[in-house]
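Heads up: the structure comes next, in structure tokens.
The values are calculated or read from the model by the stated rules, or taken from the named source; none is laboratory data. Just so it is clear, the model here is predicted, and its values are computed rather than measured. FYI the Cβ positions are ideal-geometry reconstructions off the backbone, even for glycines, and counts take in every protein chain you see. For the accessible areas, the whole protein counts, side chains as well, though only heavy atoms, and no ligand, DNA or RNA atoms are used. Shrake-Rupley method; radii C 1.70, N 1.55, O 1.52, S 1.80 Å.
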Amino acid sequence: MRAVVFTDGGRVEVTDVAAPVIERPTDAIVRVTRTAICGSDLHFLHGKAPIEPGSVLGHEAVGIVESIGEDVTRVRPGDRVVVSFHIACGSCWFCRRGETALCEKHAILGAGPFGGDLPGAQAERVRVPFAETNLLSIPDTMDDERALFVGDVLTTGVYAATLAEVMPEMTSAVVGLGPVGYCTVQALFALGARTVFGVDVDPARRAVAEASGAIAVDAARVNPQMVLARATQDRGADVVIEAVGTPAAYETSVDIVRRGGRVVVVGMYAGEVTELQLGVYWARALDVRFAGLCPTHAYWERTMALLADGRLDPSPIVSHRLSLEEAAVGYELFDRRVATKVLLAP
Ligand SMILES: [Zn+2]
Ligand SMILES: [Zn+2]
């Protein structure tokens, strides 16, 4: 089958690889109808995360179940499904509490040794372990393209907005308007927020967030702290969601939140280090919540329902629809930030 693989030179290419087969009785094989390139896929290209040359990349997919292991009863061949970007067992202590991102057997499709060495989803077919936990049926009325987002960024947005505990009268701000930030803006509105500021230096990203109702703040031109202070009688935002994953974005988030406010950190971190003055956090009574990876399984049914209702719509961030064969071009466009979100059709 055809698949997007990581090559020696830190690039990607589309090549022939062995098709996946059922390895465990809890597996399913899904024939992929749509997959996507995610910001975290770029980490492998930039050497920020290890991966072996020849590994199939990607963790976002929708498709049709083609075959199932003998223990799988909840999904059947022929079902249209979305795949969770991270794989959880569904039965350990953490999974039973809904904390599936902390699963004892946690893995991520197409994410190298730290992801459990599972082949990725940017391929004609993908093997999904613990299929009953990691596949969600797609309603008949929902198209593949929108459903795809339920497996990753859209559900992450709903998770971040849920952790924010936003109320209608609150002023909220999202720092970073990439795909996760954008989905968080939408989710905040869907969960009742009325005033959402969106901070980013990129004009295209600000424009799509603005079209969703956010008040855009150009961090390259104005000081976000001043803007938020002016909007709140000098207090600052009640709640801030940091959706970038850099110390600078984290610091901006702490700068623009009010005393007694909440910062939700959904941006992804690895080895970054920052200094924080504990006294400032203590005196300002800040509530900082590190989201970690989104426990997709605990939030994706709710996300699918909001999407089906039209209260969420990720389509505006899709900038490029390419065939799987054109994946290398898609990676390049995404890496150069020419593309906001690239979908691939096998
Ligand atoms: Zn992703
Ligand atoms: Zn588990």
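Just a yes or no: is a residue in segment 45-53 more than 16 Å from ligand 2 (Cβ to nearest atom), modelled with pLDDT of 95 or more and touching a helix residue (DSSP H, G or I) at 6+ places or on another chain (Cβ under 6 Å)? Before you say what the answer is, go through the steps one by one.
Applying the first criterion (more than 16 Å from ligand 2 (Cβ to nearest atom)) to segment 45-53 yields 45-53.
Subsequent filtering for residues that are modelled with pLDDT of 95 or more retains none.
No: zero hits.
Does segment 299-307 contain any residue that is more than 17 Å from the chain's Cα centre (by Cα) and either under 30 Å from Arg2 (Cα atoms) or part of a helix (DSSP H, G or I) (or both)? Let's see the steps before the verdict.
Initial filter on segment 299-307 (more than 17 Å from the chain's Cα centre (by Cα)): 305.
Of the ones still in play, those that are also either under 30 Å from Arg2 (Cα atoms) or part of a helix (DSSP H, G or I) (or both) are 305.
Scanning segment 299-307 turns up at least one residue that is more than 17 Å from the chain's Cα centre (by Cα) and either under 30 Å from Arg2 (Cα atoms) or part of a helix (DSSP H, G or I) (or both).
Conditions tested, residue by residue: (1) within 16 Å of ligand 1 (Cβ to nearest atom); (2) closer than 14 Å to Asp41 by Cβ; (3) among the charged types (D, E, K, R).
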residue: Val81; (1), (2), (3): no, no, no
residue: Ala88; (1), (2), (3): yes, no, no
residue: Cys92; (1), (2), (3): no, no, no
residue: Arg96; (1), (2), (3): no, no, yes
residue: Ala107; (1), (2), (3): yes, no, no
residue: Gly110; (1), (2), (3): yes, yes, no
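Is it the case that Glu66 is out of contact with any Asp or Glu (no Cβ under 8 Å at 6 or more places or on another chain), within 16 Å of ligand 2 (Cβ to nearest atom), of a type in the set (Asp, Glu) and farther than 22 Å from Phe334 by Cα? Working first, answer last.
Details: out of contact with any Asp or Glu (no Cβ under 8 Å at 6 or more places or on another chain): yes; within 16 Å of ligand 2 (Cβ to nearest atom): no; of a type in the set (Asp, Glu): yes; farther than 22 Å from Phe334 by Cα: yes.
So Glu66 fails the test.
Scan (1) on the phi > 0 side of the Ramachandran plot; (2) modelled with pLDDT under 95 for the single condition Pro179 breaks and write down its number.
(1)
Kindly provide the set of residues from segment 104-128 that are open to solvent by less than 10 Å² (accessible area, probe 1.4 Å) and in a loop (DSSP other than H, G, I, E, B), ordered by number.
Scanning segment 104-128 gives Gly110, Gly112, Gly120, Ala121, Gln122.
Determine, yes or no, whether Glu124 is in contact (Cβ under 8 Å) with a residue 24 or more places away in the chain and away from ligand 1 (no atom under 16 Å from the Cβ).
On the way: in contact (Cβ under 8 Å) with a residue 24 or more places away in the chain: yes; away from ligand 1 (no atom under 16 Å from the Cβ): yes.
So Glu124 passes the test.
Name the one entry in Arg205, Arg230 that is modelled with pLDDT under 95, assigned to a helix (DSSP H, G or I) and open to solvent by 10 Å² or more (accessible area, probe 1.4 Å).
Residue meeting the stated conditions: Arg205.
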